[in-house]
Amino acid sequence: MYDVIIIGSGAAGLSAALSAKEKNSKTLVISKTQPTHSQTVQAQGGINAVLYEDKDSIEQHVADTYNASKEISSKDNINFMCSNAKDTINWLDEIGVPFNRDKENKISQRKFGGTKKIRTCYSSDYTGLKILHTLFDQCIKNKIEFLNEHVLLDLIVEDKICKGVVILDILSGEIKEIYSKSIILATGGYAGIYQNFTTNSYSNTADGIAIALRAGAKLSNMEFVQFHPTALVNSNILISESARGEGGYLVDKDGNRFIDELKARDEVARAIYTRITNKESVYLDLRHLGLEKINDLMPQERRLALEFSNVKLEEELLPINPAAHYTMGGIKTNINGQTNIKNLYASGECAQANIHGANRLGGNSLLEIVTLGKHIGSYASENIDNEISVQDINSNKLELIKEEIENIFEYKNEINLYKCKDEVGQILFDKAGLFKDKNSLNEALKQINEIKNSLDEIGVVDKQKEYNKNLLEFLEFRNILDIALVVIESALNREESRGSHYRVDYPNIDVSYLKNSKAVLEENKVSCSFEDVV
Amino acid sequence: MKINIKRFNQANEPQKFNNEFEVSNTNLLQAFNEIKKEHDETLTYRCGCKSGVCGSCAVRVNGVERLACKTNINENDVIEPIKNSKVIKDLVVDVSHETLLIEKTNSFMQDNSDEEIEQKDINKIDRQSNCILCNSCYSSCPVYEANKSFLGPFALSRALRYSNDKKMANNDLIIESIQSNGIWDCTLCGACTMVCPQGIDPKMDILQLQGLASQKGYTNPYQATFDSNMGFDMSDMGFDPNGSF
Ligand SMILES: Cc1cc2nc3c(=O)[nH]c(=O)nc-3n(C[C@H](O)[C@H](O)[C@H](O)COP(=O)(O)OP(=O)(O)OC[C@H]3O[C@@H](n4cnc5c(N)ncnc54)[C@H](O)[C@@H]3O)c2cc1C
Ligand code: SF4
Ligand code: SF4
Ligand code: FES
């Protein structure tokens, strides 16, 4: 019996693990990838914090975050995050994250969109990579137990109390259960469901959120999906916001600018997508900045453009398009990570902790995952009041899941799983993407449901037990479908446009929707409603 | 375009088999995805970020370590798993030694110093801290191939990254822990440097560590043998065919 089990080894999971261990909890991290393969490594730009109050203030950071959220967030929760930001940076710095320094030997900061202050700390172009690897090294130092390449299949919940997990050991193919006094989900967001139209990792498939939903957890604000304006055409690799921040232009095929590049992400993304739906190409133009400045300020962007689009930024236009990037919705929690299920916590991008609302500011996600990750790890450790023993658990989950997997192996495979995955991405992007309306959403709903109903014709071709990635991807696909349905249903319900959520049939913000949306599963159907923001 | 993939599957006979696939994508990772869509759903490989930072997709293309997501392929390329690690299935290998190696070299921040950090101190550890643990260097290392206890390139680059960190009060523990099966066992052949997708130079890092160790009074246990028997010339950092193993 563990004290704390953490699912996911991104920065949210590892931060939680380190603080749980510090509280002497018997801690285990379970992750479907190797720790350093987690999506957090992709974060380039930086992590926000007010470090020096003479130039900036915590109040200003709170206000900027609240404004970006379009008022559906909790000022208290934001305040918690922002007030702890400096400590977070200092802690990361102490354990070895090599933050860049300025001429006065202070931690350097750069400017990100949506704020007037210079507030984003960074480690060259690789902020997420360096944070995650440093956390990983610390986990090894602190002898934290890991089960890598083990995927969460289900939660063991009895009487609304979470008591353990059912996992699949990818390497051996074995299905096991492990009990714990508390469980923290840190499985990342769900922008990856927009397959082929996302900057996210292939491993981002909304698992934790889908599993929590099926276990009775409340999801919230699932309609809020942030599209980044500038991803490389074809590969959808992110070109950081710093490109526009440093003076890059967005131009059409004739070389004309058509939007103020420094407007909010969602507005810029919609302006670009409008062109693209009219079959026009859109480009990022950095030529006027010159090679030296480009190399100085964004070496990684230059490398990405060259390696993946074969474009020299200093000489050529870079074709770009918007891509699903970050998801504001997730498992509803309070500031302590608690969900509506006792002893089940959520942290990081999979959680909706009333901070980002309808839009997230660049640099606020890394801040949230480390700050709240740490806090939730120690909160969960300190609140282990339930003295459940293994004898108290009567769950037959393990048998049920084993049976279910056996069944999946029997499914015929007449339809190719990977083609279906592409199809789902296309449907979501076209009909529940940057622009949507009642008709498009209803169509998407119908199509996704049809695919869901044909799961037993998709099946798996690989019947082997050991390292069956085909099975893993099938299981992930079920999660993708479940969450796609929640995203669509939630988008249908919010009949207004707010932040990242844009309804063509309701183009304005509507005060009567100044609420969090809520989605739960009732008799196997998604049920959506709204509740006050607290 | 045809590519050839060397595959491995415990359950099938024969265990090793080659597969030729016709693909239209020129990016190797996209070609893998295409194969699953068009030809064979059982093809097994790791991938994540698709942009060269998660380190999960390293394979060998015509015998050279490459990240699949960053590689353009040509007609008749031969793709196989990286070397010097147990193959689990097709292109997936066991990478569990990572944790062990970091643990053995004590590559993590220990006691903090109170020194002021300047940008030049950050620059000193910037390159090494860009390591994505892709294991390409381990695959290419002839010493690691012969001796699995050798600490090896990325672990030693990481050891240098923390040894050179001004934030750390002292690096004695790291330097001590890389003496046995460590810095002196490297032949300085530079194979690791050639294949690192992050431009890290483990060979130079190991040389630097040898310097740091010498300052602390450690000596090369193989030095005597080299001088008397093999005439090993320390100024020649090229590949030493006799190796030191
Ligand atoms: C390209 C890109 C650039 C970004 N840049 C920035 C930036 O500059 N600043 C910023 O603040 N934010 C940025 N973000 C956002 C930020 O990186 C993410 O929000 C954040 O890293 C999420 O961290 P996490 O720990 O919640 O989840 P992740 O890092 O996504 O980790 C999820 C973990 O859960 C595991 N997992 C998932 N499902 C299961 C399962 N079923 N069983 C077991 N394990 C499971 C995964 O293996 C993984 O270890 C960026 C995002 C992207 C994609
Ligand atoms: S040193 Fe280079 S080759 Fe070796 S693991 Fe790190 S990034 Fe890969
Ligand atoms: S230089 Fe040393 S570590 Fe690098 S490949 Fe050669 S023997 Fe291995
Ligand atoms: S997929 Fe991440 S490095 Fe290639």
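List of remarks:
- In the set (1) within 14 Å of another protein chain (Cβ to nearest Cβ); (2) modelled with pLDDT of 95 or more; (3) part of a loop (DSSP other than H, G, I, E, B), the condition left unmet by A:Glu414 is number (2).
- Within the stretch B:137-187, the residues that satisfy the criterion of being more than 16 Å from ligand 2 (Cβ to nearest atom), small (Gly, Ala, Ser) and touching a residue at least 40 places away in the same chain (Cβ under 8 Å) are B:Ala146, B:Ala169, B:Ser177.
- Any chance B:Phe32 is in a strand (DSSP E or B), hydrophobic (A, V, I, L, M, F, W, C) and more than 16 Å from ligand 1 (Cβ to nearest atom): no
- Residues satisfying the criterion are absent from the stretch A:209-219 (criterion: under 21 Å from A:Gly362 (Cα atoms) and touching a residue at least 24 places away in the same chain (Cβ under 8 Å)).
- Selected residue [of a type in the set (Gly, Ala, Ser), within 12 Å of another protein chain (Cβ to nearest Cβ) and under 22 Å from the mean Cα position of the chain (by Cα)] from B:Gly63, B:Gly55: B:Gly55
- Subset of the stretch B:89-120 (residues that are touching a residue at least 24 places away in the same chain (Cβ under 8 Å), closer than 28 Å to B:Ser149 by Cβ and among the aliphatic types (A, V, I, L, M)): B:Leu91, B:Val92, B:Val93, B:Val95, B:Leu101, B:Ile102, B:Met109
- When we screen B:Asn25, B:Asn84, B:Asn74 for residues that are within 16 Å of ligand 2 (Cβ to nearest atom), assigned to a loop (DSSP other than H, G, I, E, B) and among the polar types (S, T, N, Q), the only hit is B:Asn84.
- Number of positions in the stretch B:117-137 that are touching a Leu at 6+ places or on another chain (Cβ under 9 Å), of a type outside the set (A, V, I, L, M) and part of a helix (DSSP H, G or I): 4
- Answer residue from the stretch A:136-158, given it is acidic (Asp, Glu), on the phi < 0 side of the Ramachandran plot and within 11 Å of another protein chain (Cβ to nearest Cβ) and is surrounded by the most Cβ atoms within 10 Å (Cβ to Cβ) among those: A:Asp137
- Only one entry in B:Ile206, B:Ile132 is within 16 Å of ligand 1 (Cβ to nearest atom) and out of contact with any Phe, Trp or Tyr (no Cβ under 7 Å at 6 or more places or on another chain), namely B:Ile132.
- When the test is whether a residue is without any contact (Cβ under 8 Å) to a residue 24 or more places away in the chain, surrounded by fewer than 20 Cβ atoms within 10 Å (Cβ to Cβ) and assigned to a helix (DSSP H, G or I), A:Lys446 passes it.
- Subset of the stretch B:44-68 [more than 16 Å from ligand 3 (Cβ to nearest atom) and out of contact with any strand residue (DSSP E or B) (no Cβ under 7 Å at 6 or more places or on another chain)]: B:Cys47, B:Gly48, B:Cys49, B:Lys50, B:Ser51, B:Val53, B:Cys54, B:Gly55, B:Ser56
- One residue alone among B:Lys16, B:Lys37, B:Lys50 is at the interface with chain A (Cβ under 8 Å from one of its Cβ atoms), more than 10 Å from ligand 4 (Cβ to nearest atom) and among the basic types (Lys, Arg), and that residue is B:Lys37.
- For the residues A:Ile331, A:Ile320, A:Ile384, the requirement of being modelled with pLDDT under 95 and either more than 30 Å from A:Ala432 (Cα to Cα) or assigned to a strand (DSSP E or B) (or both) singles out A:Ile384.
- For the stretch B:131-153, the tally of residues that are under 8 Å from the mean Cα position of the chain (by Cα) and within 16 Å of ligand 4 (Cβ to nearest atom) stands at 7.
- Some residue of the stretch B:24-39 being buried (at least 19 other Cβ atoms within 10 Å of the Cβ), of a type in the set (Ser, Thr, Tyr) and at pLDDT 95 or above: no
- Qualifying residue in the stretch B:167-175 (condition: under 14 Å from the mean Cα position of the chain (by Cα), within 14 Å of another protein chain (Cβ to nearest Cβ), surrounded by fewer than 24 Cβ atoms within 10 Å (Cβ to Cβ) and more than 12 Å from ligand 3 (Cβ to nearest atom)): no
- A:Ala358 being within 14 Å of chain B (Cβ to nearest Cβ), away from ligand 3 (no atom under 16 Å from the Cβ), at pLDDT 95 or above and not in a helix (DSSP H, G or I): no
- Out of B:Ile200, B:Ile183, B:Ile174, sole residue that is over 29 Å from B:Arg60 (Cβ atoms) and among the aliphatic types (A, V, I, L, M): B:Ile174
- Among the residues of the stretch A:46-57, the ones that are surrounded by fewer than 24 Cβ atoms within 10 Å (Cβ to Cβ) and under 25 Å from the mean Cα position of the chain (by Cα) come to 1 in all.
- The set of residues in the stretch A:34-62 being out of contact with any helix residue (DSSP H, G or I) (no Cβ under 9 Å at 6 or more places or on another chain) and farther than 20 Å from A:Ile107 by Cα consists of A:His37 alone.
- Annotation for the stretch A:16-31: at least one member residue is within 16 Å of ligand 4 (Cβ to nearest atom) and small (Gly, Ala, Ser).
- Screening A:Ala243, A:Ala210 for residues that are more than 14 Å from every other protein chain (Cβ to nearest Cβ), aliphatic (A, V, I, L, M), crowded, with 18+ Cβ neighbours inside 10 Å and more than 29 Å from A:Cys528 (Cβ to Cβ) leaves exactly one candidate, A:Ala243.
- Listed by first and then second residue, the pairs with beta-carbon distance under 9 Å, at least 6 apart or on different chains, first residue in the stretch B:191-212 and within 14 Å of another protein chain (Cβ to nearest Cβ) and within 16 Å of ligand 4 (Cβ to nearest atom), second assigned to a loop (DSSP other than H, G, I, E, B) and among the basic types (Lys, Arg), are B:Gln198/B:Arg127; B:Gly199/B:Arg127; B:Ile200/B:Arg127.
The values are calculated or read from the model by the stated rules, or taken from the named source; none is laboratory data. Source: prediction; values computed, not measured. Glycine gets a Cβ as well: all are built from the backbone with ideal geometry, and neighbour counts include every protein chain shown.
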